[in-house]
Amino acid sequence: MGPITQSASAGGYTVTATGRVERFVWDMGDGTTVVCTTPGTPYEDRFGDMDSPDCGHRYTEQGHHPVSATSYWVITWAGMGQSGTIEMDLVRDGQIVMGEAQVLSQ
């Protein structure tokens, strides 16, 4: 989520840029879109089978689900008497395979 700040210098000039993720948009591959404006809440055993409080999804059908995550970055920069803002979107695709877990008792 950031912020991430980097500087570059050349010829006596320095430009500094700071980037942060404004939001993530997840296409869950089952017709559901999840929008996250925070990193989410890491899972803990005490949560059991409760739904995520802020950025989660529960699949209701088994199978292969093509998943896509888009991060929307806002980058501010300044240097050499100038400044500006750049918006950048990054997309990653993957696949989740949902199966059924069977509990066996003795």
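Coordinate-derived values only; no laboratory data. Since the model is a prediction, treat every value here as computed from it, not as a measurement. Note that we place each Cβ from the backbone using ideal geometry, even for glycine, and neighbour counts take in every protein chain shown.
What's the ranking of 87-96, 60-69 by average number of surrounding C-beta atoms within 10 Å, highest first?
Peptide ranking by packing, descending: 60-69, 87-96.
(i) 10.0; (ii) 7.2; (iii) 9.1: which one is mean projected area of the Cα convex hull in nm² as calculated from this entry?
Identified label for the calculated read-out: (i).
Kirkwood hydrodynamic radius of the stretch 57-99 from all distinct Cα pairs, in Å?
Evaluated on the stretch 57-99, it is 13.5 Å.
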